[in-house]
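All remarks here apply to the structure that follows.
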Amino acid sequence: IDREMTGLTYDILSATLFSNALAGSGKAFENQLSILLNSIGQIHPFDVFNAPGWLPRFGKGAGVKARLFFEGAMRQLLQTRIAESETGKPLPDDLLSALILARDPETGNGLGHEEIVANLFTFIAAGHETTARALTWTLYLLSHAPSWESRCIDEALHAPDDPALWLEAMPAIRAAFEEAMRLFPPAPMLSRIAGSDDFICGHAITAGTIITVAPWLVHRHRRLWENPDAFVPERFMPGHREQIDRFAYLPFGGGPRVCIGQVFALQEAVIVLASILQKLRLRHDGPAPQPLHRITLRPHRPIDMTWEPHTALT
């Protein structure tokens with residue numbers, strides 16, 4: 001199911017952000033993104049001992065090749081779109097066009113090509129991998145919570161005709177997704193660099209210090225959550241979610257640098273989950289998957305699930 005969600009979110013990303021300009025290369029992107037995130041997510045022994053940066057990190061070669069793959073693909077995507085614009089053809093109304101046309105209202109300066117390439121890769125990695133992982137964990141958890149699965153199925157079967165309304169019309173499905181992100185936050189660790197000297201809870205922080213906040217720990221903190229290791233979507237239902245402290249739940253971060261794609265991801269997730277649950281029940285009978293931190297929180301092995309149409313169970 002994790003591979004299915006990876007492919008699906010790739011297709012959604014291509015359609016909504018790049019007007020399907022990425023279509024046809026999903027498998028290659030999936031493989032290369034997995035290699036890159038695995039490479040970035042592992043700490044090399046040289047880094048533990050603060051070895052100088054010029055020493056080669058053996059074993060990182062595959063990650064370097066994956067990075068070059070993405071940089072090349074993004075440059076090609078950008079060059080193709082720019083060439084289309086020079087013909088006088090109207091640009092598609094998507095993220096890529098917005099980055100090309102972006103201008104500072106005061107100076108008139110826009111993004112350079114390398115800045116656009118960097119932004120494109122950020123959106124692909126952040127908007128694809130994280131959502132795929134969150135959907136995977138949600139479907140896995142629902143398969144082991146029959147009562148909540150049935151509740152979500154009933155909600156999906158009575159969905160409004162317009163999917164744009166589903167996020168607000170399906171509180172149970174949204175709650176299941178948000179509870180899954182509490183237990184398995186797609187980004188289990190967030191880091192920030194102090195821009196200036198400061199104090200946090202009486203501790204002096206010097207400029208340049210890396211501060212780490214771990215949603216994985218915050219979301220399971222026994223002072224913040226009752227029965228924190230259990231899957232209890234009720235926490236996020238209307239009437240309960242309002243009682244959750246703003247900084248006790250951080251799947252999208254917080255503050256000025258909160259995830260720019262938060263609303264997009266929530267709407268995408270509810271539509272995907274409802275579309276699946278309208279037709280299928282998913283079952284997981286194998287050993288419990290273990291979470292593996294590789295930038296995102298992914299299962300340590302593929303999650304095999306079986307499916308049954310609703311008619312098979314009625």
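Contact map, segment 83-97: first residue more than 26 Å from residue 260 (Cα to Cα), second residue of a type in the set (A, V, I, L, M), Cβ cut-off under 6 Å, separation 6 or more or different chains; pairs are 85/91.
Out of 108, 112, 53, which single residue is at pLDDT below 70 and open to solvent by less than 80 Å² (accessible area, probe 1.4 Å)?
Numbers: 108 fails: at pLDDT below 70; 112 fails: at pLDDT below 70.
Of 108, 112, 53, the one residue that is at pLDDT below 70 and open to solvent by less than 80 Å² (accessible area, probe 1.4 Å) is 53.
Pick out the one residue from 264, 231 that is among the hydrophobic types (A, V, I, L, M, F, W, C) and within 29 Å of residue 124 (Cβ to Cβ). The match here is 264. The test for being over 23 Å from the mean Cα position of the chain (by Cα) and open to solvent by less than 70 Å² (accessible area, probe 1.4 Å) does not hold for residue 266.
Checking each residue in segment 264-311 for being free of Cβ contacts under 8 Å to residues at least 12 places away in the same chain and of a type in the set (A, V, I, L, M) picks out 288, 292.
Okay, residues lined up against (1) in contact with a Pro (Cβ under 7 Å, 6 or more places away or on another chain); (2) on the phi < 0 side of the Ramachandran plot; (3) modelled with pLDDT of 70 or more:
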| position | (1), (2), (3) |
| --- | --- |
| 12 | no, yes, yes |
| 17 | no, yes, yes |
| 20 | no, no, yes |
| 39 | no, yes, no |
| 45 | no, yes, no |
| 49 | no, yes, no |
| 67 | no, yes, yes |
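If you go through segment 278-314 and pick out every residue that is open to solvent by less than 50 Å² (accessible area, probe 1.4 Å), part of a strand (DSSP E or B) and among the β-branched types (Val, Ile, Thr), you end up with 1. Among residues belonging to segment 199-235 that are of a type in the set (Phe, Trp, Tyr) and in a loop (DSSP other than H, G, I, E, B), point out the one that is least open to solvent (accessible area, probe 1.4 Å). Step by step, filter segment 199-235, then rank; the result is 225. Of the residues 250, 277, 224, which is among the aliphatic types (A, V, I, L, M) and in contact with a Cys (Cβ under 8 Å, 6 or more places away or on another chain)? It is 277.
Name the residues in segment 175-192 that are open to solvent by 50 Å² or more (accessible area, probe 1.4 Å) and touching a helix residue (DSSP H, G or I) at 6+ places or on another chain (Cβ under 8 Å), would you?
Let us first name the residues in segment 175-192 that are open to solvent by 50 Å² or more (accessible area, probe 1.4 Å), namely 189, 191-192.
The answer is 189, 192.
Can you tell me which residues in segment 113-143 are touching a residue at least 24 places away in the same chain (Cβ under 8 Å) and of a type in the set (Asp, Glu)? The one that is touching a residue at least 24 places away in the same chain (Cβ under 8 Å) and of a type in the set (Asp, Glu): 129. Would you point out which residue out of 274, 265, 288, 312 is of a type in the set (A, V, I, L, M, F, W, C) and modelled with pLDDT of 95 or more? Residue meeting the stated conditions: 274.
Just to be sure, is residue 247 under 17 Å from residue 185 (Cα atoms), in a helix (DSSP H, G or I) and without any contact (Cβ under 8 Å) to a residue 60 or more places away in the chain? Step through it out loud before you land on a result.
On the way: under 17 Å from residue 185 (Cα atoms): yes; in a helix (DSSP H, G or I): yes; without any contact (Cβ under 8 Å) to a residue 60 or more places away in the chain: yes.
Here the answer is yes, as residue 247 does meet what is asked.
Kindly evaluate residue 272 against the criterion of being open to solvent by less than 90 Å² (accessible area, probe 1.4 Å), closer than 28 Å to residue 17 by Cα and either in contact with a strand residue (DSSP E or B) (Cβ under 6 Å, 6 or more places away or on another chain) or not basic (Lys, Arg) (or both).
Numbers: open to solvent by less than 90 Å² (accessible area, probe 1.4 Å): yes; closer than 28 Å to residue 17 by Cα: yes; either in contact with a strand residue (DSSP E or B) (Cβ under 6 Å, 6 or more places away or on another chain) or not basic (Lys, Arg) (or both): yes.
Judged against the criteria, residue 272 is a match.
Apart from one condition, residue 275 fits all of (1) more than 30 Å from residue 161 (Cα to Cα); (2) not in a strand (DSSP E or B); (3) not charged (D, E, K, R); the exception is (1). Evaluating residue 253 against the criteria (1) part of a loop (DSSP other than H, G, I, E, B); (2) open to solvent by 40 Å² or more (accessible area, probe 1.4 Å) leaves one unmet condition, (2).
What about residue 238, is it part of a loop (DSSP other than H, G, I, E, B) and open to solvent by less than 80 Å² (accessible area, probe 1.4 Å)? First the steps, then the outcome.
On the way: part of a loop (DSSP other than H, G, I, E, B): yes; open to solvent by less than 80 Å² (accessible area, probe 1.4 Å): no.
Answer is no for this residue.
If you go through segment 144-156 and pick out every residue that is in a helix (DSSP H, G or I), under 26 Å from residue 304 (Cβ atoms) and either of a type outside the set (A, V, I, L, M) or more than 24 Å from the chain's Cα centre (by Cα) (or both), you end up with 7. Please specify each residue of segment 75-119 satisfying the condition of being in a loop (DSSP other than H, G, I, E, B), more than 17 Å from residue 17 (Cβ to Cβ) and within 27 Å of the chain's Cα centre (by Cα). Hit for segment 75-119 is 112, nothing else.
The values are calculated or read from the model by the stated rules, or taken from the named source; none is laboratory data. Just so it is clear, the model here is predicted, and its values are computed rather than measured. Methodologically, a virtual Cβ is constructed for each residue, glycine included, from the backbone with ideal geometry; neighbour enumeration extends over all protein chains shown. When the accessible area is computed, the model is the full protein with side chains, heavy atoms only, and any ligands, DNA or RNA have been set aside. Shrake-Rupley method; radii C 1.70, N 1.55, O 1.52, S 1.80 Å.
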